[in-house]
Amino acid sequence: MTTDCRHPLCELIGGSCSLATGRSRGCTPSLTEKKIAPDLFDEVRELVAVIDPSAPDERGRAAAIRLAEIMRREARNDRHLLALARTDEPDLVPALEQLCLRRR
Ligand SMILES: [Zn+2]
């Protein structure tokens, strides 16, 4: 199944975009902490290690679904996982970019 959004993560999961939050940026002032808990990054690190976009299997797909859940939840709280990884956990960035940046 293909998706319109061209996120490799969503292609792995199938169906409609798994990263869309359905929320527009802007007006809502953010009172939440702009940091992601270190143990959440630990979980993300374990998940991306399991996901191989070039050879998807059931385990990788389950990890992809979980990762998309985390990214959506954090985005709703104004925490953009990829952006925060760039400053806090740069070693995670290549794997996250591979999964979450739209394919050109
Ligand atoms: Zn998507």
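Laboratory data are not the source of any read-out in this text; all were calculated from the coordinates shown. For clarity, every value in this text was computed on a predicted model and none was experimentally measured. With ideal geometry, Cβ positions are generated from the backbone for all residues, glycine too; neighbour counts draw on all protein chains shown.
Every Cα-Cα pair in the range 50-104 was counted, and those over 15 Å apart are 53% of them.
Eigenvalues of the alpha-carbon gyration tensor of the chain, scaled by 5 and square-rooted, set the equivalent ellipsoid semi-axes at 22, 17, 11 angstrom, largest first. Between the listed residues A55, L19, P94, the Cα displaced farthest toward the positive end of the dipole of the chain, a dipole computed from Cβ unit charges relative to the Cα centre, is found at L19.
Taking the mean number of other Cβ atoms within 10 Å as a proxy for protection, how do you rank 86-93, 9-16 from highest to lowest?
The packing order, highest mean first, is 9-16, 86-93.
Relative to the Cα centre, the charge distribution of the range 52-104, modelled as +1 at Lys and Arg Cβ and -1 at Asp and Glu Cβ, gives a dipole magnitude of about 320 debye. For the chain, the dipole from Cβ point charges (+1 on Lys and Arg, -1 on Asp and Glu) about the Cα centre works out to 560 debye, to the nearest 20.
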